[in-house]
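Nothing in this text is a laboratory measurement; each read-out follows from the coordinates by a stated rule. Since the structure is predicted, the reported quantities are computational estimates derived from the model, not experimental observations. Don't worry about glycine lacking a Cβ; one is built from the backbone with ideal geometry, like all the others, and counts go over all protein chains shown.
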Amino acid sequence: MNIKEAADKLGITPRTIRFYEKKGLLSPAKQQNNLYRSFSEQDLWRLQTIVALREAHLSLSDIKQALEKLERNGVEELRYYLEMQRSALMSEWLQLKQAVETTDRMIELVQRERTLPLEHLFGLANASKQLREQRAGWKDRWDFNRLAPTHDERVAANEGDYADYEDALERVVRLIRPQQNERGLDIGTGTGNLAGKFLTASCHMSAVDQSREMLRLCREKHPEIETRLGNFLALPFLREQFDFVVTSFAFHHLTGNQQQLALEEMDRVLKPGGRIAIADLMASAEEGDRPTSSYPEARTLSHWFENRNYFVQLCRLNERLHILYADKKEHPYAGS
DNA sequence: CTTCTCACA
DNA sequence: TGTGAGTA
């Protein structure tokens with residue numbers, strides 16, 4: 001099959017196909033006499049895959065890698081690339097959303113003032129820029145992919161940061177009081193220990209983690225859980241999807257500013273009337289131990305939720321370990 | 001109809 | 001990440 005026929009079949013131009021070939025995504029045989037390209041069924045299948053993945057906005061170099069791995073290791077690898085892409089798109093989408101909000105505020109500002117409020121405008125721009133950089137600023141300084149194979153042993157040891165681990169997970173479940181067929185999300189799920197506990201209550205669980213290896217183990221243990229690559233700062237879900245959102249032993253990996261963003265994200269994906277539980281190492285304000293600790297401060301987190309019309313309940317399991325439970329009101333502006 | 005290259009956004 | 005023009 002010649003190039004034009006192939007191009008027509010796929011709804012692209014011959015020019016584009018040659019371009020993909022130059023980029024190394026494709027190498028159709030050439031006829032001996034005239035050097036015309038000749039497309040086999042294999043080539044066509046490959047082109048179809050490329051076109052499909054382009055539609056998901058994968059870059060050509062990503063597609064190239066995905067195709068190579070797809071041939072060697074099968075479909076599982078492709079799934080990884082698609083999940084990566086989903087996570088990246090979600091993150092871009094959040095940034096666009098933020099840009100829209102900033103623009104709205106600029107419009108409002110310009111409309112209100114008679115002279116051009118340059119300083120104020122610039123302030124808005126800067127705030128937006130900082131927010132963007134914080135979102136992009138997540139780094140896995142611990143290499144959780146490497147930690148994944150031994151993670152469950154470590155939490156079972158029940159010491160250090162993971163003291164009272166099981167107890168904390170059980171209490172999160174009791175606080176949330178999962179009902180049949182509810183949708184739940186576990187963020188920073190690791191190997192799915194917390195998310196797994198909700199399966200017995202017949203909930204549909206989704207689990208997010210930034211570590212591919214952790215998620216692989218999670219799927220082995222609990223095939224029913226829907227796993228997604230992603231992190232706190234750009235949850236790969238649309239708004240108001242979940243009846244409850246939980247997280248355990250993960251939140252403290254964020255910096256203070258990132259924690260604010262993470263709370264907004266949890267709030268975004270939670271349905272009205274939904275519940276949130278955060279089990280993690282926190283600083284207790286009463287003790288005044290904040291200066292020595294980089295942990296989130298329990299009271300600050302509580303206030304964040306209270307200011308947004310949540311009913312909040314805080315309990316403390318040991319020196320550091322707390323569980324913050326927050327209940328989102330059904331109608332946030334009722335009565336006003 | 002096809003090839004390739006150079007330039008352009 | 002593609003496209004358009006010009007060539008053979």
Open item on the list: Please give the charge dipole size of chain A, origin at the Cα centre, charges +1 on K and R Cβ atoms and -1 on D and E Cβ atoms. Round to the nearest 20 debye.
Closed with: 1400
Open item on the list: Among A:A207, A:L124, A:F19, which residue has its Cα furthest toward the positive end of the charge dipole of chain A, with +1 on Lys/Arg Cβ and -1 on Asp/Glu Cβ?
Closed with: A:F19
TODO: Would you mind checking the tilt of helix A:60-73 against the longest principal axis of the Cα atoms of chain A, expressed as 0 to 90 degrees and rounded to 10?
DONE: 90
- [ ] Taking H placed 1.01 Å from N in the peptide plane, check which residues at least 5 places from A:E182 or on another chain put their amide H under 5 Å from its amide H.
- [x] A:H204
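State to the nearest 20 debye the size of the charge dipole of segment A:3-130 about its Cα centre, where the only charges are +1 on K and R beta carbons and -1 on D and E beta carbons.
460
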- [ ] Classify segment A:12-170 as rounded, prolate or oblate, taking a ≥ b ≥ c as the square roots of the eigenvalues of its Cα gyration tensor: rounded when a/c is under 1.5, otherwise prolate if a/b is larger than b/c and oblate if not.
- [x] oblate
- [ ] Return the sequence-ordered ³J(HN,Hα) values of segment A:230-247 in whole Hz as given by the Karplus equation 6.51 cos²θ - 1.76 cosθ + 1.60 applied to θ = phi - 60°, using x for Gly and Pro.
- [x] x, 9, 3, 7, 8, 5, x, 9, 7, 6, 6, 9, 10, 6, 8, 10, 10, 7
Open item on the list: For A:K129, give me every one of the aspartates and glutamates with a C-alpha distance below 20 angstrom, ignoring sequence neighbours fewer than eight places off in its own chain.
Closed with: A:E92, A:E101, A:D104, A:E108, A:E119, A:E264, A:E265
- [ ] Rounded to whole Hz and in sequence order, give me ³J(HN,Hα) for segment A:31-39 from the Karplus expression 6.51 cos²θ - 1.76 cosθ + 1.60, θ = phi - 60°, writing x for Gly and Pro.
- [x] 5, 5, 6, 10, 6, 5, 6, 10, 9
Task: Exposure proxy ranking, count of Cβ atoms within 10 Å, fewest first, for A:F251, A:F311 - done: A:F311, A:F251
Open item on the list: Order these by the 10 Å Cβ neighbour count, fewest first: A:V172, A:V75, A:V155, A:V312.
Closed with: A:V75, A:V312, A:V155, A:V172
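Given only helices, namely DSSP H runs of n ≥ 4 each adding -39500 (n - 2.57), what is the per-residue ellipticity at 222 nm of chain A, to the nearest 500 deg cm²/dmol? Numbers along the way, then the final one.
Details: 13 runs with 164 residues, N = 336.
Only helices count here, giving -15500 deg cm²/dmol.
Percent of Cα-Cα pairs more than 30 Å apart in chain A, please.
48
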- [ ] Work out the length of the dipole vector of segment A:144-328 about its Cα centre, built from +1 on the beta-carbon of each Lys and Arg and -1 on the beta-carbon of each Asp and Glu, and round it to the nearest 20 debye.
- [x] 520
TODO: Nearest 5 is fine: what % of DSSP beta bridges in chain A come out antiparallel, could you say?
DONE: 45
Open item on the list: I need A:L94, A:L89, A:L194 ordered by Cβ neighbour count within 10 Å, fewest first.
Closed with: A:L89, A:L94, A:L194
Task: ³J(HN,Hα) computed for each position of segment A:130-142 - Karplus, 6.51 cos²θ - 1.76 cosθ + 1.60, integer Hz, glycine/proline x - done: 4, 4, 4, 5, 5, 4, 7, x, 5, 10, 7, 7, 9
Open item on the list: Which residue fluctuates most in the GNM of chain A (Cα springs below 10 Å): A:E71, A:E220, A:E166?
Closed with: A:E71
